[in-house]
Every structure is written in C-alpha cells, then in structure tokens.
Amino acid sequence: MKLRSSHLAMAIAIMFSVVPAKAESAADLNDLQIAHVAYVADNIDIRYAHLALAISQNPEVRAFAQTMIRDHTAVNEQALALLAKLKAEPQGNFLSTTLQQNAEKLIDEMSSLRGQAFDKRYAENELAYHKAVNDLVENSFIPNIDNAEVKALFEAGLQIFKAHEAHAQMMVGKLK
Amino acid sequence: MTIRTRRAVLSNSMAVLTAMAFGTGRSSAAGPVEHAVSITGFKFVPETITIAPGDRITWTNNDIVPHTATAMDKRWDTGTIAKGKSKSLIVGEDHLTEYFCRFHPKMKARLILR
C-alpha cells in the first residue's frame, strides 16, 4: 500500500508538529490501521466538541459542537458496523498514537481558555483539524484502501468532513 | 380544514407538524402534488422545486448523518431526519421559499411558489 507522502507529510507537519520523515512511514498502514486512525480522529473531534459545550456560551459554537458530536458519532457507528460485518478489528498504530498525544496537549491548552479566546481557538482548531484530516483521507487513505466497502465509507466520510471544514471556515469568519 | 380532509392518511403528528409549520394551506386547482427531495451527499436534490399551497414535500435522508429541512426564518422545520428516514410537510401560503439544514448551514435549497 503506497501513500502520497507529500500530502500526508504536509498535513501531519502542519497539524501535529511531527517531522516529515516520521510521517512517511505511514505508507505501511493497512486498511485496519487506517480505520483505527479514522476512528481515533473522530473521537478526538468529539472530545473537542464536549469541551466546547462545557466552556463556550456562544450559540453558534455550541451548535457546531453538537453537530460534530452527532456526525462523528454516526460515522463511527457506521464504521464499527462495517468492521463487525467484515469480522475485523481496527489496529492501533503510530499515527493513531501521535494524533492522540497531540490532542491531549491541545485539550489541556484549550481547557485554560474562556470566553471569546476559547471560541476563537476552538473554531480555528476545528478548521485546521478538518483541513489536515481531509487532506490525509483524500490524498493518502482513500487511494490506498484495498477493501471496496471500507473505501466507500471513507468517501462518504470525506464528504461529511468537507462540509464540516466549510462550516468551521464560516464560524472562524464570524468570530474575527 | 381542507388539508386534513384530503390527507386523512397522515398521522396526527404530521397534522400537528403541518399546522405548526405552515398554518392552513390550500390546494392548487389541479389538486395537491407530491414532491420528493433526496438529501444526498450534503445536497438537497433537486435543489429547487416549484410548489403550490396544499402540495406535500417529502425529504428523504440518504446520507449517513442526520439532517433537517428548515425555513431560513425558522417558521417551519422538519425536525431531525435520521439516516434512511423521511419526513413530510404540506405547503402553506405563508412560508419562506428558502430553506437550509440546521445542522449543516451550508446546505441550502429553494421552493418556488407557483
């Protein structure tokens, strides 16, 4: 399984501050490892959204966060149902771990913010996060997924996450 | 009420929803028309439909995630349409023609009143 390492390296370097050399080893990820990355990425965004609901008083930010919980939960349910049908389990890997570690740091950082400072940081992170993950999914994962059903789910997911990216862009614009 | 008589098959909740959303409607001279809108790939398809009071619009969600069809001024709203489910409303005379998905505000479509 090959990856377009330039897209992947760029996405990871921008979003997760890891060196490109390390990102390139993601070329070895198989379908089940890719599924694990996606599952972790979904859950991270759900955690960000719960944080937003706990801190933000801004109705638009809260509505966005509720949509993130609703949509990412739906995608994860669909993914788990497909994996159950395929009698397969997602496999942890270095990229999932990197995502998780960076999310912990970001949650710590955002937890200390309040009011508009939090809203702005949350919105900007949602935009950057969806951009990075969408790039990863579109240019690195989808072209390299072997199983047709898994690929179809990722294609459907990408459509959803691109809508989130556009929504986040709108939210960032309103918070300026 | 004309609509309720003609739409005796509708459920009570549908009738309540219709009354809340649109008030009293009126059928066109040719009789009410059924319109189907598919929600697919974060788009309302077709994006524009021509309607008359008394017509019924049914939105079916073919996406993985839930959507709504909601008037821009919030005067009517289908509520959440789950994956694979449909919701219907009967067109009244005082509705706004543009609508969107409350969950995904970039999704927009239009009703043109005949």
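The values are calculated or read from the model by the stated rules, or taken from the named source; none is laboratory data. The structure displayed is predicted, hence computed values, not measured ones. Every residue, glycine among them, receives a Cβ derived from its backbone with ideal geometry; neighbour counts consider all protein chains shown. The area values use the complete protein model at the heavy-atom level, side chains included, leaving out ligands, DNA and RNA. Shrake-Rupley method; radii C 1.70, N 1.55, O 1.52, S 1.80 Å.
For this structure, a couple of remarks:
- For the condition assigned to a helix (DSSP H, G or I) and open to solvent by 30 Å² or more (accessible area, probe 1.4 Å), A:GLY157 does not qualify.
- Residues satisfying the stated conditions in segment A:54-65, i.e. under 19 Å from the mean Cα position of the chain (by Cα) and surrounded by fewer than 16 Cβ atoms within 10 Å (Cβ to Cβ): A:ALA63
- Checking each residue in segment A:66-91 for being part of a helix (DSSP H, G or I), of a type in the set (A, V, I, L, M) and either open to solvent by less than 40 Å² (accessible area, probe 1.4 Å) or within 13 Å of chain B (Cβ to nearest Cβ) (or both) picks out A:MET68, A:ILE69, A:ALA74, A:VAL75, A:ALA79, A:LEU80, A:ALA81, A:LEU82, A:LEU83.
- Pairs are defined by a Cβ separation below 7 Å, a sequence spacing of at least 6 or placement on different chains, a first member in segment A:66-86 that is touching a residue at least 40 places away in the same chain (Cβ under 8 Å) and under 15 Å from A:ALA41 (Cβ atoms), and a second member that is open to solvent by 60 Å² or more (accessible area, probe 1.4 Å) and of a type in the set (Ser, Thr, Tyr); the pairs so defined are A:ALA79/A:TYR39.
- Odd one out for A:LEU113 among (1) assigned to a helix (DSSP H, G or I); (2) over 17 Å from the mean Cα position of the chain (by Cα); (3) at pLDDT 95 or above: (1)
- Residues of segment B:75-114 satisfying the condition of being closer than 25 Å to A:GLU60 by Cβ, away from chain A (no Cβ under 13 Å) and open to solvent by 30 Å² or more (accessible area, probe 1.4 Å): B:ARG75, B:ASP77, B:LYS87, B:LEU96, B:THR97, B:GLU98, B:ARG110
- Filtered residues of segment A:165-175 (kept if open to solvent by less than 50 Å² (accessible area, probe 1.4 Å) and within 8 Å of chain B (Cβ to nearest Cβ)): A:ALA166, A:HIS167
- Test: B:ILE57 is under 30 Å from A:GLU155 (Cβ atoms), touching a residue at least 24 places away in the same chain (Cβ under 8 Å), out of contact with any Lys or Arg (no Cβ under 8 Å at 6 or more places or on another chain) and open to solvent by less than 60 Å² (accessible area, probe 1.4 Å): yes
- Scanning segment A:74-81 turns up at least one residue that is modelled with pLDDT of 95 or more and within 21 Å of B:MET107 (Cα to Cα).
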